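Beneath this line is the structure, given in structure tokens, with notes to follow.
The values are calculated or read from the model by the stated rules, or taken from the named source; none is laboratory data. The shown structure was predicted, so the numbers you read here are calculated from the model rather than taken from an experiment. Here the Cβ positions follow ideal geometry from the backbone for every residue, glycine too, while neighbour counts run over all protein chains shown. Ligands, DNA and RNA are excluded from the accessible area calculation, which covers all protein heavy atoms including side chains. Shrake-Rupley method; radii C 1.70, N 1.55, O 1.52, S 1.80 Å.
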Amino acid sequence: MAIRLGDTAPDFTAETTAGTIHFHEWLGDGWGILFSHPKDYTPVCTTELGRVAKLKDEFAKRNVKVLALSVDPLTDHKGWVNDINETQHCSVDYPIIADPERKIATMYDMIHPNALDNLTVRTVFIVGPDKKVKLSLTYPASTGRNFDEILRVIDSLQLTANYSVATPVDWKRGDDCVVVPAIKTEDIPAKFPKGFKEIKPYLRMTPQPDL
Ligand code: BEZ
């Protein structure tokens with residue numbers, strides 16, 4: 001069955017380029033991203049893994065650990081990482097799962113055989129400190145993902161978790177946020193010292209609280 005938002009991310013033990021990982025234990029009490037790509041030594045994947053390596057500081061700032069998955073074996077991963085580092089001018093130092101038996105890919109429903117035969121499509125799962133799935137997305141093999149968007153979602157999720165705000169359409173860092181409906185208007189001033197604007201009783205905006 002597909003994994004849905006709010007489900008506990010299934011735990012697993014995996015062989016990776018950084019040794020054996022027990023997923024939940026490895027996540028600790030921080031956030032995590034698990035993402036799959038179809039195959040080693042392919043062009044779009046090469047650019048994606050390079051980009052993720054270059055975003056290392058951005059993920060660290062947000063307390064997010066990154067874990068990639070591919071159905072190829074470890075020996076392939078190790079050779080391919082050299083190519084990624086060379087061509088994308090980066091240093092891939094996050095772990096890549098080797099899943100040649102497709103155990104984890106199957107567990108996470110990453111194989112969509114009508115789209116791509118026996119390889120994983122491009123999925124992303126964002127997992128919160130409570131080990132619940134906060135976002136899942138699925139892209140076709142031919143479209144590289146936008147990791148700026150993934151960082152944007154993490155920022156939004158963390159604002160909601162820490163400050164009871166949601167983020168409106170096309171929100172970007174620094175824009176006003178939406179006070180979540182669960183907060184009564186009379187309780188807003190105490191909770192949001194930067195002020196708020198009531199556009200409608202159900203639409204209350206406040207400056208981004210953590211800036
Ligand atoms: C790629 O990463 O370039 C790719 C992989 C599988 C199918 C199409 C593209």
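Assorted remarks:
- Note on the range 36-52: among residues that are open to solvent by less than 10 Å² (accessible area, probe 1.4 Å) and outside any loop (DSSP other than H, G, I, E, B), the one that is nearest to THR120 (Cα to Cα) is SER36.
- Looking only at the range 107-122, and only at residues there that are within 16 Å of the ligand (Cβ to nearest atom) and within 14 Å of ALA14 (Cβ to Cβ), the one that is modelled with the lowest pLDDT: THR120
- Looking only at the range 153-176, and only at residues there that are on the phi > 0 side of the Ramachandran plot and open to solvent by less than 50 Å² (accessible area, probe 1.4 Å), the one that is farthest from the ligand (Cβ to nearest atom): SER164
- Among the residues listed as ILE150, ILE199, the single one being open to solvent by 40 Å² or more (accessible area, probe 1.4 Å) and either in contact (Cβ under 8 Å) with a residue 12 or more places away in the chain or not in a helix (DSSP H, G or I) (or both): ILE199
- Test: residue in the range 137-147 that is open to solvent by less than 40 Å² (accessible area, probe 1.4 Å), of a type in the set (A, V, I, L, M, F, W, C), within 28 Å of PHE35 (Cα to Cα) and part of a helix (DSSP H, G or I): yes
- Near pairs, Cβ below 7 angstrom, 6+ apart or cross-chain, from the range 41-65 (touching a residue at least 12 places away in the same chain (Cβ under 8 Å)) to any residue that is within 13 Å of the ligand (Cβ to nearest atom) and of a type in the set (A, V, I, L, M, F, W, C): TYR41/TRP80; THR46/ILE84; LEU49/ALA68; LEU49/ILE84; GLY50/ILE84
- Set side by side, the residues VAL133, VAL178 differ, and just one is part of a strand (DSSP E or B), modelled with pLDDT of 95 or more and not assigned by TED's automatic domain parsing to the domain that holds ASP29, which is VAL178.
- Out of ILE84, ILE104, sole residue that is buried (at least 19 other Cβ atoms within 10 Å of the Cβ) and either away from the ligand (no atom under 14 Å from the Cβ) or assigned to a loop (DSSP other than H, G, I, E, B) (or both): ILE104
- Single residue of the range 177-196 satisfying the filter (small (Gly, Ala, Ser) and farther than 12 Å from SER164 by Cα) that is surrounded by the fewest Cβ atoms within 10 Å (Cβ to Cβ): ALA190
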